[in-house]
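Encoded as structure tokens, the structure appears first; notes follow it.
The values are calculated or read from the model by the stated rules, or taken from the named source; none is laboratory data. A quick note: this is a predicted structure, and the numbers were derived from the prediction, not measured. Cβ placement follows ideal geometry from the backbone for every residue including glycine, while neighbour counts extend to all protein chains displayed.
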Amino acid sequence: MQATHPFARLEPARIVAAVESLGMWLPGEPFALNSYENRVYLVHDDERRRWVVKFYRPERWSDAQIQEEHDFLAELVAAGVAVAAPWRDEDGRSLHHAEGFRFTLFPQLPGQAPELENPAHLFTLGELIGAVHAVGECARFVHRGSMDLDVMVTEARERVLSSPWLDRHQRRAYERITAALHDDLAPHAWAAEQAIRVQGDCHLGNILGRDERFALVDFDDCLMAPAVQDLWMLFTAERDDELQMQLSEVLEGYEQHRDFNRRELALMEPLRTLRLMRHSAWLVARWSDPAFPPAFPWLADAGYWEGHIRLLEQQRQVLTRAPRWLA
């Protein structure tokens, strides 16, 4: 663990001081929430309002990129879409600075993750994401990036190969399988005009609600991408009949707001492959962060890399089969 990492300075007193610099008073200490890319805390003020304060990872995003995220959220709120939008001060600022950190306050949205075997929940999720995309397609990000299969696979591959974690045998195996996957993914590249503004990381942990009413939170990874990027992680069924049910409910809800190009479903497995590769590369890239070694100790285990390589081998076979959604 490296005490010199910037987040090592983010002790409770500094967090409280940052929030109170905005004119609030916090009667208690912040409670750390489960987040690794940034640092996120739950606080409550003297009016008993509960806030989620997010401190952005230094040097990851520019101020312009963060502000573009916040402005997209403001567009969504104005359109009546259920998202967690940042608090703004009397001057309209949503991005704040304190002692070298950049941070934002969000109102806490209580609730639980949806149930992906519940048809009503699936319809509602499709409706929510369709509403996000109906706004997302009305403009384009200027400062945020675009999802690019070729670039992202190359970056993930090079990150892992430059790390010290793989032994000689694993390095050769990883190099071989990822080169093959790179070639396999090339035909699935999409045209730039196919991309819209999306949330970017639409997994169950970023969807909260109850009673079939849900909100989408954490747009930290928003970018330009095909619409299916916000949908594919909802399709988790193992059996084909259950998968068809999930597809039917989600897309019916989605199309309450905009049409969905079903040809994009062919991107589900390529996007899953990309996520598998990027997750391991992300762990490697963040290892100097003192939160990562105790949270992910198995990264240093040869067994993890053996399993990861096997998983990539299996994923390559999946890419060669007819898509399950055609069943």
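Figures for the structure shown
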{"read-out": "Residue identified as crowded, with 18+ Cβ neighbours inside 10 Å and among the basic types (Lys, Arg) among ARG197, ARG172", "value": "ARG197"}
{"read-out": "Those residues of segment 122-142 which are farther than 14 Å from GLU75 by Cα, surrounded by 14 or more Cβ atoms within 10 Å (Cβ to Cβ) and not polar (S, T, N, Q), in sequence order", "value": "LEU122, PHE123, LEU125, GLY126, GLU127, LEU128, ILE129, GLY130"}
{"read-out": "Matching residues in segment 286-308 - criterion: being among the small types (Gly, Ala, Ser) and surrounded by 12 or more Cβ atoms within 10 Å (Cβ to Cβ)", "value": "ALA291, ALA295, ALA300, ALA302, GLY307"}
{"read-out": "Filtered residues of segment 98-121 (kept if buried (at least 16 other Cβ atoms within 10 Å of the Cβ), farther than 17 Å from GLY205 by Cβ and hydrophobic (A, V, I, L, M, F, W, C))", "value": "ALA98, PHE101, PHE103, LEU105"}
{"read-out": "Residue among ARG88, ARG14 that alone is surrounded by fewer than 18 Cβ atoms within 10 Å (Cβ to Cβ), part of a loop (DSSP other than H, G, I, E, B) and over 20 Å from the mean Cα position of the chain (by Cα)", "value": "ARG88"}
{"read-out": "Residues within segment 39-50 that are on the phi < 0 side of the Ramachandran plot and either surrounded by fewer than 19 Cβ atoms within 10 Å (Cβ to Cβ) or modelled with pLDDT under 95 (or both), tallied", "value": "7"}
{"read-out": "So ARG172, is it without any contact (Cβ under 8 Å) to a residue 60 or more places away in the chain and more than 18 Å from the chain's Cα centre (by Cα)", "value": "yes"}
{"read-out": "Single match in PRO119, PRO110, PRO164 (criterion: at pLDDT 95 or above and of a type outside the set (A, V, I, L, M))", "value": "PRO119"}
{"read-out": "Complete set of residues in segment 120-137 that are closer than 11 Å to ARG197 by Cβ, in contact with a helix residue (DSSP H, G or I) (Cβ under 9 Å, 6 or more places away or on another chain) and assigned to a helix (DSSP H, G or I)", "value": "VAL132, HIS133, VAL135, GLY136"}
{"read-out": "Residue among LEU311, LEU251, LEU283 that alone is crowded, with 18+ Cβ neighbours inside 10 Å and farther than 22 Å from ARG60 by Cα", "value": "LEU251"}
{"read-out": "Those residues of segment 56-70 which are surrounded by 15 or more Cβ atoms within 10 Å (Cβ to Cβ) and either β-branched (Val, Ile, Thr) or not in a loop (DSSP other than H, G, I, E, B) (or both), in sequence order", "value": "GLN65, ILE66, GLN67, GLU68, GLU69, HIS70"}
{"read-out": "Tally, over segment 20-44, of residues that are closer than 17 Å to LEU95 by Cα and more than 25 Å from the chain's Cα centre (by Cα)", "value": "5"}
